1. Determine the dipole magnitude for segment 1-68: charges of +1 sit on the beta-carbon of Lys and Arg, -1 on that of Asp and Glu, nothing else is charged, the reference point is the Cα centre, and the result goes in debye to the nearest 20.
2. When Cα extents along the principal axes in Å is calculated directly from the model, which label among [x] 31, 30, 22; [y] 46, 32, 21; [z] 54, 31, 22 fits?
3. Calculate, in nm to one decimal, what Glu36 and Phe93 gain on full extension: separation in residues at 0.36 nm each, minus their alpha carbon distance.
4. What is the spin-label model distance, in nm, from Ser57 to Lys16 if the labels are put 7 Å beyond Cα along the C-beta direction?
5. Run the numbers for Ser24 and Lys68: contour at 0.36 nm per residue of separation, minus the present Cα-Cα distance, in nm.
6. Quick one: Karplus J couplings for segment 44-54, per residue in order, coefficients 6.51, -1.76, 1.60, θ = phi - 60°, nearest Hz, x for Gly and Pro?
7. Can you tally the lysine pairs in the chain where the Cα-Cα distance is under 17 Å and the two residues are eight or more apart, or on different chains?
8. Using Cα pairs under 8 angstrom and six or more residues apart, how large is the relative contact order of segment 2-93, in percent?
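Derivation of every value follows stated rules applied to the coordinates shown; laboratory data play no part. Just so you know, these numbers come straight off a predicted model, no measurement behind them. Glycine gets a Cβ as well: all are built from the backbone with ideal geometry, and neighbour counts include every protein chain shown.
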Amino acid sequence: MIYLAKSDGKIEEQEKEYLSEQISHLKEFRNSEKKELFNLMNADELPELTSNDVNFSDPVKGKEIIEKLTQLAYADGELEKAEKLLIEKIKTFIKIE
């Protein structure tokens, strides 16, 4: 989600709020892992996203992630071209059509 929020070069306030809420509610993550996500959200540049970064054992979970990414993309009221391209790239990583 952080990659999507930064795909258009900036994180809008609505996107920051959505991301912060999502990160805070990650029950299976330790606080140190959540802190890493917040640091990534505040980083100037992100490392290249690869298929290794988008790996799910359950295809249903992958579809849920695409839905959440789409919600995030529309959080600021519009779907930017860069956001759409990133969602499509992630779909290819998790093999969703």
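1. So the dipole magnitude of segment 1-68 works out to roughly 260 debye.
2. [x]
3. 18.2 nm is the gain from fully extending Glu36 to Phe93.
4. Going from the Ser57 label point to the Lys16 one covers 3.7 nm.
5. Here the answer is 14.3 nm.
6. Calculated HN-Hα couplings, in order: 5, 10, 9, x, 4, 7, 10, 4, 5, 7, 10 Hz.
7. Taking the chain as the scope, the lysine pair count is 27.
8. Value for segment 2-93: 46 percent.
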